[in-house]
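Just below is one structure, and these are the notes that go with it.
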Amino acid sequence: MESDAGEVVSNKQVIFKDYVPGVLKESDMYITTSTITLKVPEDCTNGVLVKNLYLSCDPYMRNRMRNFQGSYISPLKPGSPVSGRGVAKVLDSRHPDYKKGDCIWGMTGWEEYSLITATETLFKIHDKDVPLSYYTGILGMPGLTAYAGFYEICSPKKGEFVFISAASGAVGQLVGQFAKLLGCYVVGSAGSKDKVDLLKNKFGFDDAFNYKEELDLDAALKRYFLDGIDIYFENVGGKMLDAVLLNMRVHGRICVCGMVSQYNLEQPEGVHNLMHLVPKRIHMEGFLVYDFFYLFPKYLDMVLPYIKQGKIVYVEDIAEGLEGTPAALTGLFASRNIGKQVVAVSRE
């Protein structure tokens, strides 16, 4: 059906049911189909109508499924489509910076088509010589997160000892490669033999271990870091953080990117070894990637040549079809994904 007001088409959507206090399940989301007009309404100044191509599944999204206030990002709205970052193609625009046919990445809906009004979250894609899906990962938020966290928060130096938890994920795999390019000694932890092999053989880590096979994480870290850890890139929290605190060197840096082990817990685990921050003068800092968006052009200038020269590689775990998004998201917390978890809605 088409008129001057635009073509009306069916629009498959992933709907968020209600706030989730404990473990996130696929049944906390459901698929439905509505309709959408493929034209930006006249009263929607600066709006953009897009066809979604790739959707990003990220651990932080779990926290948006709780009812909270006063955080850096708002909770999802029960009964509405899940929202997150993705790559999309512009079909219609009332925004001066975007025109039909442009590709963008930024905040969009978990649906086939989205009307985006918060256009300040969007970035235009200029370089298409790499897979478009990369803009959900290495060329999007996770990439900039790795870059800002490592270079801006950790203040790394050549020869330092670097440990990364959840090291095969969207952010960790990049931090490890950045550290190796700088000349650091790098060890990562992951949750399966395949992921450990990936860290050592694909990403070039000096060593790696499966934390699920270690009864004593402190002993494991002492095995790989005889002289201690200078930099810990924190993605996990809980018992791993406690063990790392026992193994940090004087003036070490801990960059707190996330704590994925805690997101499904109704009562977060405590940390017992924080006193080590004092005698070792450890700097431990959390950060949000939003504070570093101004560095995105500089980051692209650095990373695009590395990708094209094969000096940095990136592994994605791509699920096909919008129907696969609930399983893809919940799989993050069961370590089912290998690499950056993406959902391909359309490969146009």
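Around GLU111, what is the net charge, scoring Lys/Arg as +1 and Asp/Glu as -1 over all other residues with Cβ under 13 Å from its Cβ?
Working: positive: LYS12, LYS51; negative: GLU112, GLU323.
Once all neighbours under 13 Å are counted, the net charge is 0.
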(Q) Counting only other residues whose beta carbon sits under 15 Å from that of SER189, what net charge do I get with K and R as +1, D and E as -1? (A) -3
(Q) If you average the alpha carbon positions of the stretch 60-87 and of the stretch 124-187, how far apart do those two centres end up, in angstrom? (A) 25 Å
Q | Positive dipole terminus of the chain, leading residue within VAL196, PHE16, ALA220 (C-beta point charges) | A | ALA220
Q) Top to bottom by accessible area (1.4 Å), largest first, where do SER165, SER80 land? A) SER80, SER165
Q: Based on a Kirkwood Rh over C-alpha pairs, give the Stokes-Einstein translational diffusion coefficient of the chain at 10 °C and viscosity 1.306 mPa s in µm²/s.
A: 75 µm²/s
Q | Approximate spin-label separation SER346-ASP97, in nm, with each point projected 7 Å along Cα-to-Cβ | A | 2.4 nm
Q | FRET E, pair ASN264, SER10, Förster distance 30 Å, beta-carbon r, rounded to 0.05 | A | 0.35
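Could you order peptides 337-344, 237-244 by the average number of other Cβ atoms within 10 Å of their residues, highest first? Please report the intermediate quantities before stating the final value.
Values: 337-344: 22.9, 237-244: 20.6.
Highest to lowest by the protection proxy: 337-344, 237-244.
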Q) Where nothing but the Cβ of Lys and Arg (+1) and of Asp and Glu (-1) is charged, how large is the charge dipole of the stretch 141-290 around its Cα centre, in debye to the nearest 20? A) 380 debye
Q. Dipole of the chain (Lys/Arg Cβ +1, Asp/Glu Cβ -1, origin at the Cα centre): which of VAL48, ALA167, ILE73 lies farthest to the positive side?
A. ALA167
**Q.** Rounded accessible area of ARG249 (nearest 10 Å², 1.4 Å probe)
**A.** 80 Å²
Q) Any idea what log10 I(q)/I(0) is at q = 0.21 Å⁻¹ for the stretch 1-159, Debye with uniform C-alpha scatterers and no solvent? A) -1.40
(Q) Can you find, among PHE287, ILE229, VAL260, the residue sitting farthest towards the positive end of the charge dipole of the stretch 141-290, where Lys and Arg contribute +1 and Asp and Glu -1 at Cβ? (A) ILE229
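Under a point-charge model restricted to the Cβ atoms of Lys and Arg (+1) and Asp and Glu (-1), what is the dipole moment magnitude of the chain relative to its Cα centre, in debye to the nearest 20?
Details: 37 positive and 41 negative charges, 142 e Å.
That gives a dipole near 680 debye.
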(Q) From the mean inverse distance of alpha carbon pairs (Kirkwood) and the Cα radius of gyration, derive Rg over Rh for the stretch 141-290. (A) 0.92
Q: Mind grabbing the accessible area of CYS257 for me, 1.4 Å probe, Å², rounded to tens?
A: 40 Å²
(Q) So if I place +1 on the C-beta of Lys and Arg and -1 on the C-beta of Asp and Glu, and nothing else carries charge, what would the dipole magnitude of the stretch 49-163 be about its Cα centre? I want it in debye, nearest 20. (A) 180 debye
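Over all directions, how big on average is the projection of the convex hull of the alpha-carbon atoms in the stretch 199-282, in square nanometres? Let's see the in-between values first.
Values: hull surface 24.8 nm².
That works out to 6.2 nm², a quarter of the Cα hull's surface.
In what sequence, highest mean first, do 110-123, 260-273 appear when ranked by Cβ atoms within 10 angstrom?
On the way: 110-123: 19.4, 260-273: 13.9.
Averaged packing, sorted descending, gives the order 110-123, 260-273.
If you rank GLU42, GLU213, GLU323 by how much accessible surface each has, with a 1.4 Å probe, what is the order from largest down?
Numbers: GLU42 160, GLU213 135, GLU323 100 Å².
My answer, sorted largest first, is GLU42, GLU213, GLU323.
The values are calculated or read from the model by the stated rules, or taken from the named source; none is laboratory data. Since we're looking at a predicted model, the values are computed, not measured. In this analysis, Cβ positions are derived from the backbone assuming ideal geometry, glycine residues included, and neighbour counts consider all displayed protein chains. We work out accessible area using only protein heavy atoms, side chains counted, and drop any ligands, DNA or RNA first. Shrake-Rupley method; radii C 1.70, N 1.55, O 1.52, S 1.80 Å.
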